[in-house]
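Inspection log for the structure reproduced underneath, given as structure tokens.
Nothing in this text is a laboratory measurement; each read-out follows from the coordinates by a stated rule. Bear in mind the structure is a predicted one, so any value in this text is a computation, not a measurement. All Cβ positions, glycine included, derive from the backbone under ideal geometry; neighbour counts span all protein chains shown.
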Ligand SMILES: Cc1cc2nc3c(=O)[nH]c(=O)nc-3n(C[C@H](O)[C@H](O)[C@H](O)COP(=O)(O)O)c2cc1C
Ligand SMILES: C=C(O[C@@H]1CC(C(=O)O)=C[C@@H](OP(=O)(O)O)[C@H]1O)C(=O)O
């Protein structure tokens, strides 16, 4: 299962096509819309989110609420388009008052994209480098999430820091985070701890006041996984690389750690690796989950726990210096409407990326055509694992 998106930030709409979708999977538009709304939310978002109200339109591959096995095409319309129709027109000439973007923002794709593609208007770059595109990813991932949910796998996320405001978790080994979904989703920064939520909001307020921006960290967790999904035999099989790559595809993601992550490099082996035991009911079990649910590029059966770092938003209201592409003079970088912090939204996008990788890995292992066969294969596999532990 993989997706492809198209659409500019201020174009008429975003489009996604998901291919490799098995037949017979129940799809809920309202569930996708809930995820789209979660991606739009979060303290520190800018004015754009007051304009947009993202809803998905499923245009192919689903009939009477179930997938047919054909590619699923989805559309999310940009409400802001009506303010940009002339400036973003696919055909005809530019309007006479068009203001080109010639003061590239450090940290954004503006300068390097303009150099690479020989344009004198960074808008050609930023329209697509913009994380607006991630709305299409979240819509597309609705298919992957429904697929995983049908197989008992849930993917969620929560924010662990914004700037220097941190959520200090009780279980530093992160064996299996089990925060209440409501505690996460009712927090304006998607952090299950009230005091940390307030500290993060205050940090965002201070940053906004100072014309600054903030990044942060969050965790993505997947539960209900069976062991042995993914692969060890070739570089391309390993889920570590596939999940890492998928997360690094998200604009502004600059770090990914599995389980203990970098902390593992500071500890001796006996305090890192997860001892193996045998439980009469559960079969092979682990005393800890420092690996974060992956060994040898495969799921261990413990929760997958990935910590992700997002850099601060590049657009600054107190801008850094840049060079004007027309005059070649030093100038302040452009400061268009922007988010101050988008860590909570980024976490929802990251859930989507993880869901896609896991869905594809499950399809590899349990078949691709029809949900009924995939579920039967999963049941048979679980049964075989039980037999191996007896
Ligand atoms: C959900 C989300 C929202 C974002 N909002 C903004 C924004 O409002 N302004 C901005 O300059 N960058 C924003 N970014 C970050 C830029 O898109 C990103 O830094 C840019 O594409 C350059 O890519 P890089 O940071 O991976 O090098 C956002 C990123 C995400 C994931
Ligand atoms: C539109 C979204 O995020 C945008 C991501 C973004 C960027 O540069 O990445 C810049 C801003 O766009 P605008 O200039 O239109 O306000 C954000 O609002 C969204 O997430 O839906």
Inset, instruction - Return the distance in nm (one decimal) between the two label points of a simple spin-label model at residue 384 and residue 205, each offset 7 Å from Cα along Cα→Cβ. - result: 5.7
Inset, instruction - Would you mind ranking 121, 110 so that the residue whose beta carbon has the fewest other beta carbons within 10 Å leads the list? - result: 121, 110
Inset, instruction - Pop a pseudo-label 7 angstrom from the Cα along the beta-carbon direction at both residue 182 and residue 83 and give the gap in nm to one decimal. - result: 3.6
Inset, instruction - At 4 °C and 1.567 mPa s, grab the translational diffusion coefficient of the range 1-146 from Stokes-Einstein with a Kirkwood Rh over Cα pairs, rounded to a whole number in µm² per second. - result: 78
Inset, instruction - Can you pull the one-decimal nm distance between simple spin-label points at residue 282 and residue 332, each 7 Å off the Cα toward Cβ? - result: 5.7
Legend entry - Burial ordering of 43, 362, fewest other beta-carbon atoms within 10 Å first: 43, 362
Inset, instruction - Starting from the Cα-Cα distance between residue 323 and residue 249, subtract it from 0.36 nm times their residue separation and give me the gain in nm to one decimal. - result: 23.9 nm
Inset, instruction - With everything on Cα atoms, drop me the angle between helix 239-248 and the longest principal axis of the chain, reported from 0 to 90° to the nearest 10. - result: 20
Inset, instruction - Round to the nearest 0.05 the FRET efficiency obtained for residue 6 and residue 154 when R0 = 41 Å and r is the Cβ-Cβ distance. - result: 0.90
Legend entry - Ranked 51, 143, 27, 162, criterion: other C-beta atoms within 10 Å, fewest first: 51, 27, 143, 162
Legend entry - Gain in span if fully extended, residue 60 to residue 13, counting 0.36 nm per residue against the direct Cα distance: 15.3 nm
Legend entry - Full-stretch length increase - residue 70, residue 377 - with 0.36 nm per residue and alpha-carbon distance subtracted: 108.4 nm
Inset, instruction - Would you compute, from DSSP H runs of 4+ residues alone, the mean residue ellipticity of the chain at 222 nm, taking -39500 (n - 2.57) per run and dividing by the full residue count, rounded to the nearest 500? - result: -9500 deg cm²/dmol
